[in-house]
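The values are calculated or read from the model by the stated rules, or taken from the named source; none is laboratory data. Given the structure is predicted, the values throughout are model-derived calculations rather than measurements. So basically every Cβ, Gly included, is an ideal-geometry build from the backbone, and we count neighbours across all protein chains shown. Please note that ligands, DNA and RNA were not included when accessible areas were found on the heavy atoms of the full protein model with its side chains. Shrake-Rupley method; radii C 1.70, N 1.55, O 1.52, S 1.80 Å.
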Amino acid sequence: MPKISALIITLNEAKNIADVIDNLDFADEIIVVDSYSQDSTVEIAEAYQNVIVHKHEFENFTKQRNFALSKANHEWILFLDADERIPEVLKHEILETVQSEKTADAYYFYRKFMFKSRPLHFSGWQTDKNIRLFKKSKSIYTEERLVHEVLEVDGKVDDLKHYLIHYSYENYASYKKKMLSYASLKAKELFLKGVEPNPYHFIIKPAYKFLYSYIIRLGVLDGRKGMIICYLNALSVYKRYPYLKELIKSSE
């Protein structure tokens with residue numbers, strides 16, 4: 001029977017780590033790569049006999065994920081964020097998939113975004129999907145992306161039909177902090193590409209992000225939740241350019 005390596009990268013995920021490990025109890029090994037959490041994430045993870053913890057300095061998401069990949073012992077990789085959960089129907093679909101005679105080399109999971117404990121139905125999240133299940137020998141995260149990393153797959157990619165649950169929004173402050181962190185990493189990525197910010201980046205791009213998500217992608221139908229998510233996602237787009245400007249100035 002094919003074996004599965006479940007991988008999780010963490011930073012200060014004490015509130016989530018036990019639940020996500022319990023959720024992955026069907027995996028043959030669980031590997032946690034922690035970037036020196038200052039809470040009890042590591043202690044909680046190490047209390048599980050079926051979990052191996054590696055501490056690794058965080059540089060960017062791509063390098064952290066590739067480091068985790070290097071520690072996996074099995075061909076099938078199941079990568080989960082600490083705030084993601086696999087419902088029972090998806091768990092069965094995963095096991096049936098890896099045991100099939102003919103498989104793709106990687107699989108997208110559609111994600112259901114949760115605003116606190118309630119699903120967000122629109123706001124640009126209705127078609128959100130990420131590759132979470134794939135063959136180690138066929139895949140690597142591309143070095144060109146530092147955030148919202150992209151998995152390069154040398155082979156066939158397919159979709160699983162059941163949804164992964166994404167508990168990304170706990171409260172306004174934590175989600176804003178996350179968006180600003182993404183903006184900082186995106187600024188570094190743009191800096192390495194030689195991008196120079198201009199008025200389009202500061203005004204048009206974030207405004208378009210908000211209006212596209214809120215109007216075209218029907219965030220307005222999510223009510224107050226949609227307004228908050230669309231605003232914070234647009235804020236992340238805006239903030240990357242002041243960060244980029246600072247990087248350019250410091251390099252001169």
Quiz item: If you take the residues in the stretch 11-30 that are in contact with a strand residue (DSSP E or B) (Cβ under 7 Å, 6 or more places away or on another chain) and either modelled with pLDDT under 95 or under 20 Å from His74 (Cβ atoms) (or both), which one is most open to solvent (accessible area, probe 1.4 Å)?
Solution: Asp28
Quiz prompt | Residue count, the stretch 194-208 (criterion: surrounded by fewer than 17 Cβ atoms within 10 Å (Cβ to Cβ) and part of a loop (DSSP other than H, G, I, E, B)) | solution = 4
Quiz prompt | Tally, over the stretch 164-188, of residues that are assigned to a strand (DSSP E or B) and either under 19 Å from Glu149 (Cβ atoms) or open to solvent by less than 30 Å² (accessible area, probe 1.4 Å) (or both) | solution = 4
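Report whether or not Phe191 is touching a residue at least 40 places away in the same chain (Cβ under 8 Å), over 29 Å from Leu80 (Cβ atoms) and either assigned to a helix (DSSP H, G or I) or in contact with a Phe, Trp or Tyr (Cβ under 6 Å, 6 or more places away or on another chain) (or both).
So Phe191 passes the test.
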Quiz item: Within the stretch 87-102, can one find any residue that is surrounded by 18 or more Cβ atoms within 10 Å (Cβ to Cβ) and in a loop (DSSP other than H, G, I, E, B)?
Solution: no
Practice problem: Six or more apart or on different chains, Cβ under 9 Å: which pairs go from a residue in the stretch 73-84 that's closer than 12 Å to Ala27 by Cα and open to solvent by 10 Å² or more (accessible area, probe 1.4 Å) to one that's of a type in the set (Phe, Trp, Tyr) and assigned to a strand (DSSP E or B)? Could you list them? | Solution: Trp76/Phe134
Practice problem: Could you grab the pairs with beta carbons closer than 7 Å, sequence gap of 6+ or different chains, first residue in the stretch 229-244 and in contact (Cβ under 8 Å) with a residue 24 or more places away in the chain, second one part of a helix (DSSP H, G or I) and buried (at least 22 other Cβ atoms within 10 Å of the Cβ)? | Solution: Ile229/Gly219; Cys230/Ser213; Cys230/Tyr214; Cys230/Gly219; Asn233/Ser213; Arg240/Ala187; Tyr243/Ala187; Leu244/Ala187
Exercise. Please verify whether the stretch 61-70 includes one or more residues that are modelled with pLDDT under 95, touching a strand residue (DSSP E or B) at 6+ places or on another chain (Cβ under 7 Å) and under 27 Å from Asn12 (Cβ atoms).
Key: yes
Quiz item: Does the stretch 135-148 contain at least one residue that is among the aromatic types (Phe, Trp, Tyr), in contact (Cβ under 8 Å) with a residue 60 or more places away in the chain and either out of contact with any helix residue (DSSP H, G or I) (no Cβ under 7 Å at 6 or more places or on another chain) or open to solvent by less than 50 Å² (accessible area, probe 1.4 Å) (or both)?
Solution: yes
